[in-house]
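Bear in mind that the values in this text are calculations on the coordinates, not laboratory data. Just so you know, these numbers come straight off a predicted model, no measurement behind them. Cβ atoms come from the backbone with ideal geometry, glycine included; neighbour counts cover every protein chain shown.
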Amino acid sequence: MAVVSVGCVSAQNGDITNTTDATDITEAILTQVVELLLVSNFDEALALFDTIPPLEENALHLELLRASILSSAGRYDEARSVVEAVISAEPENAGALYVLAAIESALGRTQQQRAALERLIGIEPNNAEALVNLGNISLQTRAIRPAASYFHRVLSFEPHNAGALIGLSRAFRMNREWEGAEVLLNELVMLHPDMVEAWTERSRFYWGRGFLVNALSDLDEAKNLAPDDYWIALDRGNLLLEMNRRSQALEEFTRAIEINPNEYLPYVFSAGLKDDLGDYDGAAMDYATIVRLKPDYYFAFEGLGLHNMRVGNWAAAQNAFMEAYRQAPDEHMYALLAAINWMRAEDISSPRAFLGQAQARVRRDTLEWHMFRLFHDLTARNYVGETDMVTRLDREQNEILKARMLFYMALYYDIRGNTSLANRYFLLVHNMDKRAILEWRLNDWMLIDRDMKPF
């Protein structure tokens with residue numbers, strides 16, 4: 001982007017001949033600053049300040065603008081230094097106190113934010129923004145009465161103030177005064193029909209009260225006003241999901257992805273819905289995207305492992321479950337799934353040392369420990385653990401645990417080449433109908449692959 005080269009050189013060389021010239025140059029530079037801020041180019045915007053001609057009458061105003069830009073750039077210590085210098089020169093500069101409060105808020109320093117706002121109110125008692133912020137701070141600590149008093153104070157001289165209406169409605173909701181909250185929110189949307197937050201705020205109220213159709217209607221209005229808003233798309237997706245309108249929910253999560261493809265959360269919902277709707281390849285692609293965007297989200301490695309296992313990509317499944325286990329070492333079944341896929345990718349003896357290490361992390365008095373032992377000793381001479389495992393499974397009373405272990409027993413027989421016993425156990429797992437466990441879906445995929453789908 002071009003800069004005001006002539007004005008910059010003249011200012012730096014001291015050739016400004018009159019105040020009018022300096023003012024014109026300053027206005028031109030500030031126009032460029034605004035353009036740079038619109039594209040979040042904070043560094044170049046800040047650099048332009050060094051080219052502004054010195055004018056005593058606007059020096060503090062420009063310093064406040066510099067502080068705001070520094071804060072937007074995340075350079076909070078520098079921003080505070082600048083604004084504190086302004087306050088030192090003008091202790092009753094309300095604008096400087098407001099900028100300072102914003103900096104403290106960004107840093108999570110609530111007490112310092114409150115102190116700056118209270119000092120500002122001492123100078124400007126009817127500063128609506130400061131009073132609304134003080135009310136919101138009180139809500140954070142569930143100080144409902146003080147919060148309501150701040151909002152009422154604003155509404156006494158600005159009856160249409162949206163921030164105060166929203167804040168007071170939240171205070172009513174926290175106090176379980178539902179009727180009062182709804183009256184305020186209805187007033188909010190009537191007074192500010194073009195304000196997106198008015199509709200999303202009332203939608204949250206209806207959603208929380210269980211009026212899902214009303215909540216969706218308000219989110220529809222918000223979507224019409226801001227069709228490219230990522231959070232509205234995400235909220236509509238979640239609401240539609242709660243209403244069991246899964247295909248429409250998937251459309252909204254897909255829209256959220258299109259708006260912001262670098263946020264991992266809509267891919268999580270999208271992957272789950274695609275699994276439910278039978279788009280397994282699409283789900284696998286979503287899981288692969290999640291692990292790229294958020295590699296510390298181990299559930300995505302679980303999903304990736306399951307889908308690779310579904311199509312027989314044993315090595316890829318092994319790697320995915322290994323990473324899931326590394327991140328969540330208390331989820332012992334990830335280790336067993338990694339070992340099983342390792343056996344498929346290479347041979348049954350390959351993961352024996354790993355299984356021994358993983359088994360040592362499992363409590364010895366559990367069914368899981370004995371299942372690890374079963375796979376660990378799979379190639380041992382004179383192995384007799386299989387009969388013991390079958391007996392333990394027959395005696396197990398916890399149906400969730402039993403369903404999971406029956407699945408691994410089926411895999412055990414499958415790896416050993418005993419297809420008939422493997423099929424019998426896969427059917428037993430299906431008939432237990434424990435759909436909440438990760439093994440259930442994998443089990444049914446295996447039944448489909450064997451042309452044994454009993455449903």
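Okay, here's what the table says:
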| item | result |
| --- | --- |
| Answer label, with Rg and Dmax of the Cα atoms in Å calculated from the coordinates and candidates [x] 31.4, 102; [y] 21.7, 70; [z] 20.8, 61 | [x] |
| For the range 256-263, 3J(HN,Hα) per residue [Karplus equation, 6.51 cos²θ - 1.76 cosθ + 1.60, θ = phi - 60°, Hz, x = Gly/Pro] | 4, 5, 5, 5, 9, x, 9, 9 |
| Fewest-first sequence of 413, 267 by Cβ atoms within 10 Å of each Cβ | 413, 267 |
| Calculated FRET efficiency for the pair residue 118/residue 311, C-beta based, R₀ 45 Å, to 0.05 | 0.10 |
| ³J(HN,Hα) computed for each position of the range 288-305 - Karplus, 6.51 cos²θ - 1.76 cosθ + 1.60, integer Hz, glycine/proline x | 5, 5, 4, 5, 6, 7, 9, x, 9, 9, 5, 4, 5, 5, 4, x, 5, x |
| Residue exposure sequence - 200, 391, 254 - by fewest surrounding Cβ within 10 Å | 391, 254, 200 |
| Residue 84-residue 277 FRET efficiency (beta carbon distance; Förster radius 41 Å; 0.05 resolution) | 0.15 |
| Cα-centred dipole magnitude for the chain, charges only on beta-carbon of K, R (+1) and D, E (-1), debye, nearest 20 | 2860 |
| Calculated FRET efficiency for the pair residue 433/residue 391, C-beta based, R₀ 22 Å, to 0.05 | 0.40 |
| Listed residue (108, 230, 318) projecting farthest to the positive dipole end of the chain, Cβ model | 318 |
| Footprinting exposure proxy for 242, 221 (fewest neighbouring C-beta atoms within 10 Å first) | 242, 221 |
| The range 365-373 - phi-based ³J(HN,Hα) in whole Hz, Karplus 6.51/-1.76/1.60, Gly and Pro as x | 8, 10, 5, 4, 4, 5, 5, 4, 4 |
